[in-house]
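S.K.: To start, I am sharing the structure in question, which I have written as structure tokens.
Since every read-out is calculated from the coordinates, none of them should be taken as a lab result. Because the structure is predicted, anything quoted here is derived from the model rather than measured. Reconstructed Cβ throughout: ideal geometry from the backbone, glycine too, with neighbour counts over all protein chains shown.
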């Protein structure tokens, strides 16, 4: 029986385009005085994010799902603006836009807010992609108003549930009582199945000001309603990047970590030890600033018109 | 009863919903940013043929359906049951009119068919996409009062009725598309 999985999942031509993109990224940041760093992929701690599953390495710790924690510690140590290009690992099934191991570009700008960073994201995309259309911006509210026809903050839960049918999305079969009442459960489904796929049809678009309940590690602004200073970059309906005006308050970060940790344990999901080193770094003082993480494989797939990110990486999970 | 996870529901996999067997046609993994993951699947009801969509939470498990697809040889029918044989094992199995369905009008003895078995029992018989059958009854040509356009009805050796071109005569062999019931071509003498 012939073994044909020795061959790469990407063509050599695609790999050349990948190399060009990586080079373009390094040149971009070098020209702007942003320092490249590399931090451990293996750590004693991990993310306790509710919906991100990490790989445990028996006896050695956890593989990083993002270099965020280590990079924030560098910021607290006075690194100044930094970027990293690295493989990250998430225990997820392989799919058109997913591979358990993928390449992340992550960078941090001390002293900037998320709006200033969005300007740079737009600028980087323009630098990397020939003839890229100009980037647009809109709020989470505007995206839902336009593509879902509802107010994500005020629409009653019943409207969120029943409205899905109008967009040909079958209601989830088994919804626990807890999930049925969880506004974010429904907003996630709307974003994933209805709104997201319609974003960025004409060019890159950044959605900002997420519901406060979806703040992750971003600051929450006390508007009416309160919003998370978080943004996501979409293009051709694909989510390419996620950025924050970073939370710097160690107590608030500790509270979020604890809540997520408890939630994961209650769901019997493997829960890495929460990162005490990050909390200590925040207590020591991380400068105000903004950061963003971008999926390089997805950006490349979009540029090349590839059917899947597997076509843009040397060996996808099936051939690794 | 074996359960499979949403991520293992690849096209072609057979699953049960409310006791009814379905074949998975498509499975789209949807995961927004830092949110929950879902699988939007398109599945075909193996009894009715109807296609429906379902949204599952990525963690869900569903009962897999014990569906086996097998090539078998049609032996004969006794009016009530249709009898088939597994050419590899020589095992015989009989299927009723419901399982045989449309296929019954196209197959003659020794033809190879595709059989779907559910929990070991015949669920559905599918005839080959095209078959060659003899015309046992048809009017000679332009004469006759049932001519429509340039075709006329003809009865095949299996009892099926098809419309054939006027020049086709009784006793001739014709190729028919079993999916549409349409005449394709002459098949030589």
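S.K.: Suppose we keep only residues that are under 13 Å from residue A:63 (Cα atoms) and not in a loop (DSSP other than H, G, I, E, B) within region A:94-104. Which one would you say is farthest from the other protein chains (Cβ to nearest Cβ)?
M.R.: A:101
S.K.: What's the number of the condition residue B:43 fails, among (1) at positive phi; (2) within 13 Å of chain A (Cβ to nearest Cβ)?
M.R.: Answer for residue B:43: the failing condition is (1).
S.K.: Just to be sure before I move on: is residue A:143 buried (at least 18 other Cβ atoms within 10 Å of the Cβ), out of contact with any strand residue (DSSP E or B) (no Cβ under 8 Å at 6 or more places or on another chain) and under 24 Å from residue A:225 (Cα atoms) in the structure I sent?
M.R.: no
S.K.: Picking from A:46, A:80, which residue would you name as being assigned to a loop (DSSP other than H, G, I, E, B), crowded, with 18+ Cβ neighbours inside 10 Å and more than 14 Å from every other protein chain (Cβ to nearest Cβ)?
M.R.: The unique qualifying residue is A:46.
S.K.: Here's another thing I want to ask about it. Search region B:56-92 for residues being surrounded by 19 or more Cβ atoms within 10 Å (Cβ to Cβ) and away from chain A (no Cβ under 14 Å), and hand back the single one that is nearest to residue B:7 (Cα to Cα).
M.R.: Ranking the candidates gives B:65 first.
S.K.: With the structure loaded, tell me whether residue B:16 is assigned to a strand (DSSP E or B) and either without any contact (Cβ under 8 Å) to a residue 12 or more places away in the chain or at the interface with another protein chain (Cβ under 8 Å from one of its Cβ atoms) (or both) or whether it fails that test. Step through it out loud before you land on a result.
M.R.: Working: assigned to a strand (DSSP E or B): yes; either without any contact (Cβ under 8 Å) to a residue 12 or more places away in the chain or at the interface with another protein chain (Cβ under 8 Å from one of its Cβ atoms) (or both): no.
Spelling it out, it is not the case that residue B:16 is assigned to a strand (DSSP E or B) and either without any contact (Cβ under 8 Å) to a residue 12 or more places away in the chain or at the interface with another protein chain (Cβ under 8 Å from one of its Cβ atoms) (or both).
S.K.: Let me ask you something else. Look through A:251, A:184, A:223 and report the one residue that is facing chain B (nearest Cβ under 9 Å) and more than 30 Å from residue A:306 (Cα to Cα).
M.R.: Only one candidate qualifies: A:184.
S.K.: Right, something else. If residue A:149 satisfies every condition in (1) on the phi < 0 side of the Ramachandran plot; (2) in contact with a helix residue (DSSP H, G or I) (Cβ under 9 Å, 6 or more places away or on another chain) but one, which is the exception?
M.R.: (1)
S.K.: Let me spell it out: the conditions are (1) under 27 Å from residue A:309 (Cβ atoms); (2) within 18 Å of the chain's Cα centre (by Cα); (3) more than 11 Å from chain B (Cβ to nearest Cβ), and residue A:242 meets all of them except one. Which number is the exception?
M.R.: Unmet for residue A:242, out of (1) under 27 Å from residue A:309 (Cβ atoms); (2) within 18 Å of the chain's Cα centre (by Cα); (3) more than 11 Å from chain B (Cβ to nearest Cβ): (3).
S.K.: Given the condition in a strand (DSSP E or B), exposed (fewer than 14 other Cβ atoms within 10 Å of the Cβ) and under 24 Å from the mean Cα position of the chain (by Cα), answer yes or no: does some residue in region B:1-8 qualify?
M.R.: no
S.K.: I'm trying to understand the selection: among the residues of region A:105-138, which are in contact with a strand residue (DSSP E or B) (Cβ under 8 Å, 6 or more places away or on another chain), surrounded by fewer than 19 Cβ atoms within 10 Å (Cβ to Cβ) and in a loop (DSSP other than H, G, I, E, B)?
M.R.: A:111, A:113
S.K.: Out of B:103, B:95, I need the residue that is more than 14 Å from chain A (Cβ to nearest Cβ), touching a residue at least 60 places away in the same chain (Cβ under 8 Å) and buried (at least 21 other Cβ atoms within 10 Å of the Cβ). Which one?
M.R.: B:103
S.K.: Residues that are under 14 Å from the mean Cα position of the chain (by Cα): which strands (runs of 3 or more DSSP E) entirely in region B:44-106 hold 1 or more of them? Give the derivation first.
M.R.: On the way: elements: B:51-57, B:61-63, B:67-77, B:81-85, B:92-96.
Once the strands (runs of 3 or more DSSP E) in region B:44-106 are filtered for at least 1 residues that are under 14 Å from the mean Cα position of the chain (by Cα), what remains is B:67-77, B:92-96.
S.K.: Hey, another quick one. Please tell me if residue A:91 is away from chain B (no Cβ under 14 Å), part of a loop (DSSP other than H, G, I, E, B) and surrounded by fewer than 21 Cβ atoms within 10 Å (Cβ to Cβ). Break it down into steps so the answer makes sense when it comes.
M.R.: Numbers: away from chain B (no Cβ under 14 Å): no; part of a loop (DSSP other than H, G, I, E, B): yes; surrounded by fewer than 21 Cβ atoms within 10 Å (Cβ to Cβ): yes.
Judged against the criteria, residue A:91 is not a match.
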